[in-house]
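S.K.: This is the structure I want to talk about, given as structure tokens.
Nothing in this text is a laboratory measurement; each read-out follows from the coordinates by a stated rule. Nothing here was measured: the structure is a model prediction, and the numbers come from that model. Cβ: placed from backbone, ideal geometry, glycine included. Neighbour counts: every protein chain shown.
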Amino acid sequence: MAAKLKTGDKVVVLAGKDKGKTGTISSVDRKTGKAVVEGVNMAVRHTRQSPQSQGGRIPKALPIDLSNLAMLDKNGKATRVGFRVEEGKKVRYAKTTGDVIDA
């Protein structure tokens, strides 16, 4: 299946404890269908002190399912992503405005 959401996209969370929050996708795992969004779905990881690191409670962003994310269009509203061919090249576009996302 084509990549509707990619690393670097601005997204909004549609469901879950962080519903309504926005952020940028830092990584996507196609196999599990999940993405890590900066500042969303945070958990605290307790780490032991070692000679290399301080240790303590470190906040970490956990993966969130792609079905719970929607792309933000230029107006700041959630939009679905579609595909079309322009000048012989397949491009993504926002279905609300019709604007091309990546040229």
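S.K.: Which number in (1) surrounded by fewer than 13 Cβ atoms within 10 Å (Cβ to Cβ); (2) assigned to a strand (DSSP E or B); (3) within 11 Å of the chain's Cα centre (by Cα) marks the one condition that residue 7 misses?
M.R.: With respect to (1) surrounded by fewer than 13 Cβ atoms within 10 Å (Cβ to Cβ); (2) assigned to a strand (DSSP E or B); (3) within 11 Å of the chain's Cα centre (by Cα), residue 7 is out only on (2).
S.K.: If the requirement is being touching a strand residue (DSSP E or B) at 6+ places or on another chain (Cβ under 6 Å), in contact (Cβ under 8 Å) with a residue 40 or more places away in the chain and not hydrophobic (A, V, I, L, M, F, W, C), which of these qualifies: 22, 79?
M.R.: Checking each option against the conditions leaves just 22.
S.K.: All but one of (1) of a type in the set (Lys, Arg); (2) surrounded by 11 or more Cβ atoms within 10 Å (Cβ to Cβ); (3) in contact with a Phe, Trp or Tyr (Cβ under 8 Å, 6 or more places away or on another chain) hold for residue 90; which doesn't?
M.R.: (2)
S.K.: State whether the residues of segment 16-24 include one that is touching a Ser or Thr at 6+ places or on another chain (Cβ under 7 Å) and not hydroxyl-bearing (Ser, Thr, Tyr).
M.R.: The answer is no; no qualifying residue exists.
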